[in-house]
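**Q** Before we start, here is the structure in question, set down as structure tokens.
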Amino acid sequence: MSAVALGLYVVALVVLFGVRSWVQRRRTGHTGFHGLSGTPADAGWWGGVLFMVAIVLGLAAPLLVVLGATPTDPPVGVEVVGLGLALVGFAATLAAQTGMGASWRIGVDPAERTELVTTGVFASVRNPIFTAMVLAQSGVVLMVPTWVGAGALAALVTAVQLQVRAVEEPYLRNAHGDAYARYAARTGRFVPGVGRLPDAATATGRRAF
């Protein structure tokens, strides 16, 4: 199963980042990749660094097992559940990326303004791509349970939290104002109903009465 996990991970990286960036460039003239920005003093910078760490460790985990450097022997049932979660997670990531259309980006350019996507799965969850990625990585960890894979999952979860809270939400508030405030007040951050942000207008109204 480690060879399957490695192959699946490589294909996912190629499709979700390589092919998706190529398609984005064909459609918009831009790959959608903004890269790492800021300095080590910024939470967003650490989010970007940890995201890259998560990818490297996520690839290394099954590779080390395939090479025999890291032994692992999970129950077959756990491997099968992991494979299912990984497939669903990677497919959901691609679907959510596609659902963003021309607004899809990796990283944020503060000077750029893209359309706020609130349809499809985004009508219930603000960050379904990150949710799906964490689900997929969790599946890979079950397929090939090692400390390296667990480290990849921990780095990914931390990176996602930093990126969303310290970079993307402030950017979207600034870029879309009340439209984003209303949207964030009714949708969950990573899962439906959880992590909704208070609507400033509603909060002000409540304090007035």
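**Q** With the checklist (1) surrounded by fewer than 23 Cβ atoms within 10 Å (Cβ to Cβ); (2) assigned to a helix (DSSP H, G or I); (3) touching a helix residue (DSSP H, G or I) at 6+ places or on another chain (Cβ under 6 Å); (4) not acidic (D, E) in hand, flag the one item F122 doesn't pass.
**A** With respect to (1) surrounded by fewer than 23 Cβ atoms within 10 Å (Cβ to Cβ); (2) assigned to a helix (DSSP H, G or I); (3) touching a helix residue (DSSP H, G or I) at 6+ places or on another chain (Cβ under 6 Å); (4) not acidic (D, E), F122 is out only on (3).
**Q** Give me a count of the residues in the stretch 72-81 that are in contact with a Pro (Cβ under 8 Å, 6 or more places away or on another chain) and part of a helix (DSSP H, G or I).
**A** So the answer is 1.
**Q** Here's something else I'd like to know. Considering only residues of the stretch 57-72 that are without any contact (Cβ under 8 Å) to a residue 60 or more places away in the chain and of a type in the set (A, V, I, L, M), which is nearest to V141 (Cα to Cα)?
**A** Looking at the filtered set, the residue picked out is L59.
**Q** Of all residues in the stretch 32-55, how many are without any contact (Cβ under 8 Å) to a residue 40 or more places away in the chain, on the phi < 0 side of the Ramachandran plot and over 15 Å from the mean Cα position of the chain (by Cα)?
**A** 4
**Q** Name the single residue that is farthest from M133 (Cα to Cα) among those in the stretch 12-31 being part of a helix (DSSP H, G or I) and without any contact (Cβ under 8 Å) to a residue 12 or more places away in the chain.
**A** R26
**Q** When you go through G48, G29, G7 one by one, which is the residue that is surrounded by fewer than 14 Cβ atoms within 10 Å (Cβ to Cβ) and either among the charged types (D, E, K, R) or farther than 30 Å from G68 by Cα (or both)?
**A** G29
**Q** Would you check which residues across the stretch 55-71 are in a loop (DSSP other than H, G, I, E, B) and surrounded by fewer than 18 Cβ atoms within 10 Å (Cβ to Cβ) and list them?
**A** L67, G68, A69, P71, listed by residue number.
**Q** Do you know which of the residues in the stretch 162-192 that are of a type outside the set (K, R) and free of Cβ contacts under 8 Å to residues at least 12 places away in the same chain is nearest to E79 (Cα to Cα)?
**A** By that ranking, first place goes to P170.
Yes or no, residue by residue, for (1) within 17 Å of F17 (Cβ to Cβ); (2) outside any loop (DSSP other than H, G, I, E, B); (3) not hydroxyl-bearing (S, T, Y):
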{"residue": "L85", "(1), (2), (3)": "no, yes, yes"}
{"residue": "G89", "(1), (2), (3)": "yes, yes, yes"}
{"residue": "L94", "(1), (2), (3)": "yes, yes, yes"}
{"residue": "T98", "(1), (2), (3)": "yes, yes, no"}
{"residue": "R113", "(1), (2), (3)": "no, no, yes"}
{"residue": "T118", "(1), (2), (3)": "no, no, no"}
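**Q** Sticking with this one: Just give me the residues in the stretch 11-26 being of a type in the set (D, E, K, R) and surrounded by 14 or more Cβ atoms within 10 Å (Cβ to Cβ), in sequence order.
**A** The one that is of a type in the set (D, E, K, R) and surrounded by 14 or more Cβ atoms within 10 Å (Cβ to Cβ): R20.
Read-outs: derived from the displayed coordinates by stated rules, not from any lab. Since the structure is predicted, the reported quantities are computational estimates derived from the model, not experimental observations. Every residue, glycine as well, gets a Cβ built from its backbone with ideal geometry; the counts of neighbours run over all protein chains shown.
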